[in-house]
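Read-outs throughout are calculated quantities, based only on the coordinates presented, and are distinct from any laboratory measurement. What you see is a predicted model; the values in this text were computed from it and never measured. Positions of Cβ are backbone-derived with ideal geometry, glycine not excepted, and every protein chain shown enters the neighbour counts.
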Amino acid sequence: MKFTWLKWSALPVAVLLAGSVAMAQDQTSSQSQSGSSAPAAAPAATPAPAAKPTVAQRKENQQDRIAQGVKSGQLTAGETSKLETKEAAINGETKADRAANGGKLTSAEKTQINGQQNQLSKQIYADKHNANTANPGNSKVGQRQENQQDRIAQGIKSGQLTAGETAKLENQQKGINQQVKADRAANGGKLTTGEKQQVNKEQNAASKNIYNKKHNAKTQPQSKPKQ
């Protein structure tokens, strides 16, 4: 009898505890759904617009692309010479404009130079993706030609060669390459001993020319990062 009374007296307590737990769960659930207890998410930061490259940075970028094309063989000596002649003309115009304006460029001059660099950029892309490639081959003559192109490409990349100097060096290589091509065509695809000696002599002169131009006082100014 006493046991029965304890059992029935404990029942209301159990029901009360169960109700309290259920109420607490409901409150927690409603808070999580409404998001009232969670901190509001911060709005996404708007990315800052990319700064436009300066005239010097644009020039350096063009030279890097040409150097890569020379190194990879995508640009022939003739194509490189034409591109560098155009780059030299833009550089000469920029220099003259700065001299006439106390070392600075006006907004109109910057716009003009940027338009010219846009045209040159398209030409670089077209020349690098056409069917013409520099393919020196595996012969000693071909290896010498490739070595000269690598040295020129390094000079462009480092700024040791100006656009005008590069154009002259590439014209020299173009002349040698055309001579080799003509000699091979006249001899069933091969070069005679005398022709190899002549080509090697011309490449020796070109090699000295590359060295002299890379170690003279003329350099291609490199753009400096903003502090």
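Some notes on this structure:
- Region 55-214: C-alpha pair distances exceeding 25 Å, %: 36 percent
- Of the cross-linked pairs LYS59/LYS140; LYS82/LYS190; LYS128/LYS201; LYS95/LYS218; LYS82/LYS218; LYS196/LYS218, those separated by over 25 Å at the C-alpha level are LYS59/LYS140; LYS82/LYS190; LYS128/LYS201; LYS196/LYS218.
- Tensor-based shape of region 108-165 (alpha-carbon gyration tensor, a/c under 1.5 rounded, otherwise prolate or oblate): oblate
- Point-to-point label distance, ALA100-ALA51, nm (Cα→Cβ direction, 7 Å offset): 2.8 nm
- Highest-first arrangement of 90-102, 199-211, where packing means the average Cβ count within 10 Å: 199-211, 90-102
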